[in-house]
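Here the structure is laid out as structure tokens; the discussion comes afterwards.
Where a number appears in this text, it was derived from the coordinates with a stated rule and is not lab data. Remember, it's a predicted structure, so these values are computed and weren't measured experimentally. Backbone-built Cβ (ideal geometry, glycine too); neighbour counts: all protein chains shown.
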Amino acid sequence: MSAIRYFVTFLSVARHGSFAAAADEVCLTQAAVSLQMRSLERDLDIVLFERSARSIALTEQGRAIVPLAETLVADYRRILATAERDELAGVVRIGALVSSLMGAFADAMLNLKRRYPKLELKLFTGLSSDFTTRVENGELDAAIVTQSPAGFPATLKWTVLYSEPMVLISPAEDPRTEIAALLREPFIRFDRQTWTGALIDDALRGLDASVRDIMELNSLESICEMVKRGFGVSVVPRLANANWNRESGLRVTALPERIAPRRVGLLERREHAREAFTDAVKRHFIGAADTSAGASTDTASSSD
């Protein structure tokens with residue numbers, strides 16, 4: 001099926017306007033991408049690109065082929081999905097927040113890989129806002145993103161997988177747990193340009209807190225490290241699998257229930273060829289929630 005792979009590469013080049021960017025996306029060298037495009041042009045007997053020393057652009061014939069290639073690739077993926085409905089297999093391209101790979105989503109992917117050894121996951125990290133466009137245009141099959149403050153396009157659907165409560169983190173050696181007193185300390189803020197940053201702003205308003213920012217970072221791991229070292233405090237979502245305790249150098253203080261948690265979910269097109277995979281991801285989290293609820297019930301019963 002080399003011809004299909006060539007059309008996948010062609011669509012990537014058409015999207016990015018660059019052999020180098022397409023090479024990164026399809027996991028080939030730039031030379032291999034160039035060779036594939038030459039072969040495709042030879043097989044079709046048309047010129048797809050106008051090439052110069054510094055750039056490439058689609059020819060009129062190349063632009064005309066784009067929708068046909070999109071249909072061809074989509075149909076091929078649907079055929080694969082039909083053939084593999086009894087067992088997940090093949091390549092799935094999925095975007096994920098870095099923090100989700102530190103938390104519950106990493107467990108889900110490990111579980112699916114063990115159950116379906118023929119499944120090949122290609123993970124791309126980035127921001128929720130960037131993933132929305134990449135899922136909508138078919139570059140990614142799905143993405144793990146936070147709930148959008150502005151909602152999602154009608155062509156997409158978002159399913160909540162789990163929630164992470166907002167917490168206040170401070171250095172472990174600081175004995176205080178009073179939220180108002182801790183928030184008077186220097187504050188390390190998560191990037192306000194991100195959806196998580198906007199949610200943290202909402203949390204601070206809900207606490208009626210006026211904080212003194214000393215730095216703004218776009219990595220929860222970096223924020224935790226700065227707090228451990230005593231630079232200040234922060235408000236962040238508590239990651240599902242994070243080892244945040246006094247032994248690790250952090251003190252975690254719960255915020256009032258009125259502070260909304262960060263909701264993390266699966267973003268996908270309303271119709272796509274990898275629905276068997278996205279359905280399996282959703283079933284994993286439904287099962288995990290049922291197990292957690294059962295364990296909580298058992299604990300409550302045994303303590304009566």
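Observations, loosely collected:
- Treating each Cα of the chain as one equal point scatterer and applying the Debye formula with no solvent, the log10 of I(q)/I(0) at q = 0.07, 0.14 Å⁻¹ comes out as -0.37, -1.09.
- Taking a Cβ cut-off of under 15 Å around residue 67, the surrounding Lys, Arg, Asp and Glu residues balance to a net charge of -1, with basic ones at +1 and acidic ones at -1.
- Over the range 129-239, relative contact order from alpha-carbon pairs under 8 Å, at least 6 apart, %: 34 percent
- Taking every DSSP bridge with both residues inside the chain, close to 60 percent are antiparallel.
- The angle between the Cα long axis of helix 60-83 and the longest principal axis of the Cα atoms of the chain comes to about 70 degrees, rounded to the nearest 10.
- Free of any GluC sites (Glu not before Pro) that DSSP assigns to a loop and that have at most 11 other C-beta atoms within 10 Å, the longest stretch within the chain is 1-172.
- Considering only 163, 129, 18, the Gaussian network model of the chain with Cα springs below 10 Å gives its largest mean-square fluctuation to 18.
- Here the extension length gained between residue 133 and residue 78 equals 17.7 nm, from 0.36 nm per residue of separation less the Cα-Cα distance.
- Of the beta bridges in the range 51-165, as assigned by DSSP with both residues counted there, near 10 percent are antiparallel.
- For residue 53 and residue 3, a Förster radius of 51 Å and the Cβ-Cβ distance give a FRET efficiency of 0.95, rounded to the nearest 0.05.
- With at most 16 other Cβ atoms within 10 Å, longest stretch of the chain clear of loop trypsin sites (Lys or Arg not before Pro) (DSSP): 119-175
- Normalised by the number of residues in the chain, the average gap of Cα pairs under 8 Å and 6 or more apart makes the relative contact order 20 percent.
- Helix 2-16 axis, angle to the chain major axis (alpha carbon atoms, nearest 10°): 60 degrees
- Spin-label pair residue 209-residue 180: with each label point 7 Å from Cα along the Cα-Cβ axis, the two points sit 1.4 nm from one another.
- Gyration tensor (alpha-carbon) shape descriptor, the range 2-83, a/c threshold 1.5: prolate
- Take the Cβ atoms of residue 70 and residue 245, set R0 to 45 Å, and the FRET efficiency comes out at 0.35.
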